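Report on the following structure.
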Amino acid sequence: MIQAGARVRSRHGRGHRLARWALMSSLVCGASSFGSRASAQSQTAGRSAEEVAVAQQLYQDARQHQRDKQWVDCEMSLDKAIGILETPGLRFHLAFCKEQQHRWVEALVDYRRASQLLDEGANAPDVAELLPAAIKNLEEVTPSLQLMVHEPPEGVELYLDGKRLGAKLLGSPIPVDPGGRRVDVVAPDHQPFTQVLNLLPKDRRQLRIELVPDRPPAPARPAPETGETVPRVAVDSGPMTAQVVVLATEALFTLGALGTGVWFTSEAAENRRARDRIVAEINSPDGCADPNADPRCVVAHDADRDAINDRRIASVGYIAAGVGAATFLATWLLWPDPDPEEATRSTRFALSARGLGVALSGRF
């Protein structure tokens, strides 16, 4: 039942979006980017006839891309046109193209920029008629995310999808595009916070974030007294030691080299089989010794040459895999003790129970 209801809502949402898009598309296609003749004269003041002609051609290209639903090309043409001549209509069309790509926040910025140009005196009555509804509809469906941090520490930084935002946005609703969004909040001497959210249209999400201070370093253990009967065990420095990193790197290198050798061995065998098939089809006594005897002999020679090159690369891969395996084994056996004091004296193993201990030590 839940899945059926979700499908019904999904179909209803798609139908609503399609109807809205059809309405907006028809209205936008009817809107002029340069407006009336008086408006065009005021907007093109200070521009050469060549610049205006190029901007007009770019606008016509964008209109065609818009009719073909080629939104990326439409955006590129309008960006170039606005670089020459900025009008409310061009901004309006650019916002519409971005809206169809679900870049709703950028679309809102362009819609509002078109409104600003109108407020500054630009004359575009067709755009002025469409703009309020376009802004209102997009504001209603654009999700917002409010990040709440209790007592934000000094130097707190906010990132959305890897892009740094100002810390002053904390506590304010932030308009975001729908879909998966990643939030990162970091601050000095605090553990970083990361969370991935899936935001749907019309979502109004509030995320409360607790930044946990880093734990103070553990105090160092005192040095053992002279005559200690049971040696202490060195404290583990953590799961990701330098030795583990080096061993992992060498293992990956070995596997990659081995995979390269196996792959190109298979390719060489396939090329040899292709060459043999061609020679068998030709049924020539000389076995395509002369590549010009038959056009297919050229293909057979190419396959033979590729097989030779593949075997060479495979040999290099196997040699590299052998070197990697030897290096991995050497690192495993010869890596020194991570505790410098214990490494200079001996390697010790200790077992103890209820105060009694037995120790075994040796030197490398």
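Under 18 Å from a point 7 Å along the Cα-to-Cβ line of residue 190: which residues of region 110-154 have their amide N that close? Residues passing the 18 Å test: 146-154. A full extension of the chain between residue 109 and residue 76 corresponds to an added length of 10.2 nm, given 0.36 nm per residue minus the alpha carbon distance.
Electrostatic bookkeeping for residue 181 treats Lys and Arg as +1 and Asp and Glu as -1; over the other residues with beta carbon under 12 Å from its beta carbon, the sum is -1.
Which of 190, 65, 93 comes first, and how do the rest follow, when ranked by fewest Cβ neighbours within 10 Å? Mind showing how you got there, number by number?
On the way: 190 16, 65 19, 93 28.
The most exposed by this proxy come first: 190, 65, 93.
Expressed as a whole percent, how much of the Cα-Cα distance distribution for region 144-209 exceeds 20 Å?
On the way: 423 of 2145 pairs.
Across region 144-209, Cα pairs with separations above 20 Å total 20 percent.
Computed extension length for residue 301-residue 69: 78.7 nm, one decimal, from 0.36 nm per residue of separation with the Cα-Cα distance subtracted. Residue separation of residue 50 and residue 334 scaled by 0.36 nm, minus their Cα-Cα distance, works out to 94.8 nm of gained length.
Do the alpha carbons of any pairs in 80/202; 98/168; 98/136; 136/163 sit beyond 25 Å of each other, and which pairs?
Working: 80/202 32 Å; 98/168 27 Å; 98/136 16 Å; 136/163 27 Å.
The answer is 80/202; 98/168; 136/163.
Bear in mind that the values in this text are calculations on the coordinates, not laboratory data. Since we're looking at a predicted model, the values are computed, not measured. Note: ideal-geometry Cβ built from the backbone for every residue, glycine included; neighbour counts use all protein chains shown.
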